[in-house]
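First the structure, in the form of structure tokens, and then the observations on it.
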Amino acid sequence: MPTPIKLKFDDHVPLQQILGSPGKNAKSTGVTTLQQETGVRVHIRGSEITLECEDEAAALLVERLLRQMYGLAHAGTPVRPGDLSRGLEILRRDPGAELRAVFQDVVITTRGSKRPIVPRTFAQKNYVDCLRRFDLTFGVGPAGTGKTYLAVAMAVRQLIDKKVRRIILTRPAIEAGEHLGFLPGTLEEKVSPYMRPIYDALNDMLDGPKVMRMMEHGTIEVAPLAYMRGRTLSETFVILDEAQNTTAEQMKMLLTRIGQGTQAVVTGDPSQLDLPNGQRSGLAHAIKILRGVDGVAICHFTAADVMRHALVQRIILAYDRDDQDRAARKKAARKKSAPADAGPAAEPAEGA
């Protein structure tokens with residue numbers, strides 16, 4: 001068995017932030033997480049940690065993780081439940097990665113608690129980098145991965161920095177808005193229920209009265225996708241959310257609205273398709289034909305990037321397995337029902 005790795009830190013408080021304190025919730029402490037995810041046994045005594053594992057590479061990985069996470073916590077960077085697992089995943093994908101480049105990459109701070117909004121996974125960091133570099137960015141993956149929230153944060157950041165003059169947030173509400181006229185109330189009252197997640201994100205980052213004033217002055221516009229038709233959007237940060245429920249024609253309509261100084265972000269979850277009659281999703285079509293086009297970035301998220309309750313990750317994985325099983329059964333059924341190869345047709349009898 002390899003020699004145990006001994007780590008000594010100056011302060012035990014950051015270690016408690018990272019690893020937690022054993023007690024009633026001992027099963028959810030960082031020590032348990034590391035042992036379950038790496039097989040490394042972690043022993044803590046004050047500010048000293050001993051790592052034991054038959055797999056030396058796994059122990060070295062945990063050592064790098066703990067040293068970097070300690071540095072973050074000691075510097076005052078907020079460490080959330082789940083960040084240990086996220087940091088572990090980042091270092092697995094890139095052993096030379098610096099976690100501070102991810103967890104300290106502040107997009108903006110929230111209004112009330114002044115909590116910094118930062119990427120917390122490898123995919124989120126890549127997404128934020130693309131939002132800064134590309135004119136059109138697609139964020140594709142399960143719900144709860146921060147696709148829309150980070151896009152709104154970047155939009156507000158660019159508005160504050162005067163890189164854009166306005167923000168437009170849009171969704172294909174009720175088949176992209178074609179039936180909104182049948183609902184009672186003003187346009188804002190009709191749209192509000194479908195735009196609630198976007199309003200919530202805005203109110204996290206800006207004072208409520210300020211959001212209302214900006215909306216009154218047209219600095220922030222929240223509208224259904226159908227109302228984008230015929231417009232040219234210049235010096236604007238445009239976010240199209242729930243894009244899996246656009247048709248190919250609607251997607252083309254929005255993307256061809258992009259004017260000078262405008263940045264567009266398209267987010268969606270292909271597994272939550274609500275289009276009727278088997279219509280083709282504009283999101284899937286756009287990703288297919290725009291991949292590799294200059295100025296376009298396509299960022300994919302997985303269940304590992306979910307920021308909600310850890311149970312949500314397991315739920316998403318369970319549904320993904322069920323989808324795969326059903327697809328495999330359908331494929332097997334089609335193969336079984338296909339007619340066997342009858343071979344070449346028999347030649348007619350002589351004299352027939």
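The values are calculated or read from the model by the stated rules, or taken from the named source; none is laboratory data. If you're wondering where the values come from, they're calculated on a predicted model, not measured in any experiment. Positions of Cβ are backbone-derived with ideal geometry, glycine not excepted, and every protein chain shown enters the neighbour counts. Each accessible area value is taken on the protein alone, full model and side chains, heavy atoms only, with ligands, DNA and RNA left out. Shrake-Rupley method; radii C 1.70, N 1.55, O 1.52, S 1.80 Å.
Some points to look at:
- Neighbours by Cβ (under 6 Å, 6+ apart or cross-chain): first from the stretch 24-53, farther than 17 Å from Arg64 by Cβ and in a loop (DSSP other than H, G, I, E, B); second modelled with pLDDT of 90 or more and of a type outside the set (Asp, Glu): Ser47/Phe9
- Residue count for the stretch 228-263, restricted to those that are among the hydrophobic types (A, V, I, L, M, F, W, C) and within 22 Å of the chain's Cα centre (by Cα): 8
- Test: residue in the stretch 220-240 that is at pLDDT 90 or above, among the polar types (S, T, N, Q) and open to solvent by less than 10 Å² (accessible area, probe 1.4 Å): yes
- Residue among Ile316, Ile298 that is in contact with a strand residue (DSSP E or B) (Cβ under 6 Å, 6 or more places away or on another chain) and surrounded by 14 or more Cβ atoms within 10 Å (Cβ to Cβ): Ile298
- In the stretch 27-62, residue surrounded by the fewest Cβ atoms within 10 Å (Cβ to Cβ) [restricted to those that are farther than 14 Å from Leu15 by Cα and among the hydrophobic types (A, V, I, L, M, F, W, C)]: Ala57
- A single entry from Phe122, Phe103 fulfils the requirement of being touching a residue at least 24 places away in the same chain (Cβ under 8 Å) and touching a Pro at 6+ places or on another chain (Cβ under 9 Å): Phe103.
- Check on Met212, in a helix (DSSP H, G or I) and more than 22 Å from the chain's Cα centre (by Cα): yes
- Per the listing Gly261, Gly292, the residue uniquely in contact (Cβ under 8 Å) with a residue 60 or more places away in the chain, in a loop (DSSP other than H, G, I, E, B) and open to solvent by 20 Å² or more (accessible area, probe 1.4 Å) is Gly261.
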